[in-house]
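The values are calculated or read from the model by the stated rules, or taken from the named source; none is laboratory data. Everything numeric in this text was worked out from a predicted model, so none of it was measured. With ideal geometry, Cβ positions are generated from the backbone for all residues, glycine too; neighbour counts draw on all protein chains shown.
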């Protein structure tokens, strides 16, 4: 193979695909990137056997061919080269790289040893703008369970139907649901899949590198999902299992309704959390008659704090205890100036959602003492 390309383009491509590569002692080939020159472009591929990422970079092709090169060395070397033209060619199982005053030879491994990357050739389910898809995943990804004890909640649920796409994540202590309402570009099928956490994290990172007008095409075949843009592709296995029936947790009616200024609520929780105990408990006493919420935290070794928060409050007086970290996680994913907090007693989950926005709901379980 032989190709000439720009350093900034090659650097971008390597950075996109190399994040999933670790240090694999069992299969050393997985520590390498597959470089293939074909059809006037350079294709870069990485895989950890669970996820495979492909990126195409343009260049002046002189000769087609392929080789695998250690990812860490190639990445660090290319990242430190000047932003000039790079000449790349192979000889035997080595890659020769030339850029201005720099000449290097990097030993590789025959491309025949690289795993075969599966292809999904089915019809696309939906096409979504990259920023919209990235935001939807970003709003729920942090609520995913980090434990493998219940594999079905160790990923993000995507529920496709003709009118909307729902993105859901939970660790059983809190749950986030983000909805993308579809207009002209509707989903072709009604389907639910669970995507592994690491796949979602990689996708968020890759989509951050894409142009704002870039469109992501989603394809699903058996137990795999493909996210495809103009120059990049990510294919991943899906998590098998049935996602919990979470919708029964989302109440439509509440005994106590609060409308609070989001920033005031956020700051109050942050200040009170400094006095919270080791279980991160924060007590909210809602007093509708006075239109206020008392936020109380206490630790025997530190001291205590009581803060008052004004708001629009209707319904019953109630005292409820939440984990302050989970409260902050929910509030930080709401962009509106005001938030709604719905409560149905001290033992039932609370519901947080933005005022004037039906696309996001956050469910938080109370602490029972």
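At-a-glance table
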| quantity | calculated |
| --- | --- |
| Filter pass, residue 277 being touching a helix residue (DSSP H, G or I) at 6+ places or on another chain (Cβ under 7 Å), farther than 30 Å from residue 155 by Cβ and either surrounded by fewer than 18 Cβ atoms within 10 Å (Cβ to Cβ) or in contact (Cβ under 8 Å) with a residue 12 or more places away in the chain (or both) | no |
| Criterion violated by residue 127 - all others in (1) under 27 Å from residue 16 (Cβ atoms); (2) surrounded by 15 or more Cβ atoms within 10 Å (Cβ to Cβ) satisfied | (2) |
| Residues within the stretch 35-58 that are at negative phi and more than 25 Å from the chain's Cα centre (by Cα), tallied | 7 |
| Hits in the stretch 12-34 - residues which are assigned to a loop (DSSP other than H, G, I, E, B) and buried (at least 19 other Cβ atoms within 10 Å of the Cβ) | 21 |
| Some residue of the stretch 99-113 being in contact (Cβ under 8 Å) with a residue 24 or more places away in the chain, buried (at least 19 other Cβ atoms within 10 Å of the Cβ) and assigned to a strand (DSSP E or B) | yes |
| Matching residues, the stretch 227-240, being in a strand (DSSP E or B) and either assigned by TED's automatic domain parsing to the domain that holds residue 58 or closer than 13 Å to residue 199 by Cβ (or both) | 227, 233, 234, 235, 236, 237 |
| Condition check for residue 10: in contact with a helix residue (DSSP H, G or I) (Cβ under 6 Å, 6 or more places away or on another chain) and more than 21 Å from residue 226 (Cβ to Cβ) | yes |
| Complete set of residues in the stretch 246-275 that are part of a loop (DSSP other than H, G, I, E, B) and modelled with pLDDT of 95 or more | 254, 255, 274, 275 |
| Residue 339 being closer than 19 Å to residue 268 by Cβ, in the same structural domain as residue 268 (by TED's automatic domain parsing) and touching a helix residue (DSSP H, G or I) at 6+ places or on another chain (Cβ under 8 Å) | yes |
| Check on residue 352, closer than 19 Å to residue 143 by Cβ, touching a helix residue (DSSP H, G or I) at 6+ places or on another chain (Cβ under 6 Å) and in a strand (DSSP E or B) | yes |
| Those residues of the stretch 66-91 which are surrounded by 14 or more Cβ atoms within 10 Å (Cβ to Cβ) and in a strand (DSSP E or B), in sequence order | 66, 67, 68, 69, 70, 85, 86, 87, 88, 89, 90 |
| Which numbered condition residue 366 misses (of (1) surrounded by fewer than 18 Cβ atoms within 10 Å (Cβ to Cβ); (2) closer than 26 Å to residue 167 by Cα; (3) over 24 Å from the mean Cα position of the chain (by Cα)) | (1) |
| Unique residue being modelled with pLDDT under 95 and touching a strand residue (DSSP E or B) at 6+ places or on another chain (Cβ under 9 Å) when the list is 66, 87, 100 | 100 |
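Here's the yes/no breakdown for (1) part of a helix (DSSP H, G or I); (2) at pLDDT 95 or above:
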| position | (1), (2) |
| --- | --- |
| 146 | no, no |
| 162 | no, no |
| 200 | yes, yes |
| 210 | no, no |
| 225 | no, yes |
